[in-house]
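The values are calculated or read from the model by the stated rules, or taken from the named source; none is laboratory data. In this text the structure is predicted, and so the values were computed from the model without any measurement. Cβ sites come from the backbone with ideal geometry, for glycine too, and all protein chains shown count toward neighbours.
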Amino acid sequence: MRVILAWAIVAAVGCGTDAISPPPPPHDNPSQPDNRAVAGPSAVADTGYEVGIEAPEHAEAGKPAIAKVSVHPHAPWHMNADFPAKLRMSASEGVDLDAVLLTKNDAERLDDEGLVFPVVFTPRIGHTGRVTLTGEINFAVCGVAECSPVKVPIEFTLEITREIT
């Protein structure tokens with residue numbers, strides 16, 4: 001399995017003097033990283049959290065496979081376990097998702113130190129080639145004086161291989 005990490009920026013909500021404010025979100029500046037978790041190399045920045053995707057490079061047609069989408073806050077930030085975290089996914093033709101919408105009740109892990117959603121999918125028999133799964137993860141991280149809701153687009157690609165008989 002490969003592990004893909006993408007970095008994202010937490011934008012603080014409010015102006016309190018006790019607030020911990022990471023850098024502002026990136027704009028259309030190629031020298032700054034974007035906040036999309038994607039398969040492949042990603043830029044590294046000093047951020048309030050990281051979003052990771054652990055997905056197989058190959059999946060066999062007709063057999064269920066699992067990818068994991070995770071969030072790990074950087075100190076002093078922590079996950080807000082009370083926030084209605086969710087992951088909405090879609091897949092290109094040739095892949096069936098066990099669930100299109102995962103809520104915090106579906107999370108494999110949700111505590112102060114992280115959030116992990118398991119994405120179970122099955123490549124269809126008779127389909128081979130590259131497929132892309134996309135989605136958006138919604139969560140909140142909290143600092144000393146405030147919490148920031150965050151939305152990060154998710155994308156990963158894998159190769160579907162022929163079913164073995």
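Kindly check whether there is at least one residue in region 143-164 that is of a type in the set (A, V, I, L, M, F, W, C), over 17 Å from residue 53 (Cα atoms) and touching a His at 6+ places or on another chain (Cβ under 8 Å).
Scanning region 143-164 turns up at least one residue that is of a type in the set (A, V, I, L, M, F, W, C), over 17 Å from residue 53 (Cα atoms) and touching a His at 6+ places or on another chain (Cβ under 8 Å).
Just one of (1) over 13 Å from the mean Cα position of the chain (by Cα); (2) within 19 Å of residue 48 (Cβ to Cβ); (3) small (Gly, Ala, Ser); (4) at pLDDT 95 or above trips up residue 65, so point out which.
(2)
I'd like to verify a number: residues in region 119-161 that are basic (Lys, Arg) and more than 14 Å from residue 95 (Cβ to Cβ), how many?
1
Report every pair of residues separated by at least 6 positions or lying on different chains whose Cβ atoms are under 9 Å apart, first residue within region 144-156 and over 13 Å from residue 134 (Cβ atoms) and without any contact (Cβ under 8 Å) to a residue 60 or more places away in the chain, second of a type in the set (A, V, I, L, M) and part of a strand (DSSP E or B).
Once the first residue is over 13 Å from residue 134 (Cβ atoms) and without any contact (Cβ under 8 Å) to a residue 60 or more places away in the chain and sits in region 144-156, its partners that are of a type in the set (A, V, I, L, M) and part of a strand (DSSP E or B) give 151/137.
Out of 2, 36, 88, report the one residue that is surrounded by fewer than 18 Cβ atoms within 10 Å (Cβ to Cβ), closer than 16 Å to residue 151 by Cβ, within 16 Å of the chain's Cα centre (by Cα) and at pLDDT below 95.
36
If we scan region 114-127, do we find a residue that is without any contact (Cβ under 8 Å) to a residue 40 or more places away in the chain, touching a helix residue (DSSP H, G or I) at 6+ places or on another chain (Cβ under 9 Å) and either within 22 Å of residue 63 (Cα to Cα) or assigned to a strand (DSSP E or B) (or both)?
no
When you scan region 129-142, do you find a residue that is in contact (Cβ under 8 Å) with a residue 60 or more places away in the chain and charged (D, E, K, R), even just one?
no
Residue 118 fails exactly one of the following numbered conditions: (1) under 14 Å from the mean Cα position of the chain (by Cα); (2) farther than 15 Å from residue 64 by Cα. What is the number of that condition?
That leaves (2) as the condition not met.
Regarding region 93-108, can at least one residue be identified that is part of a loop (DSSP other than H, G, I, E, B), surrounded by fewer than 18 Cβ atoms within 10 Å (Cβ to Cβ) and at pLDDT below 95?
So far as region 93-108 goes, yes, one or more of its residues are part of a loop (DSSP other than H, G, I, E, B), surrounded by fewer than 18 Cβ atoms within 10 Å (Cβ to Cβ) and at pLDDT below 95.
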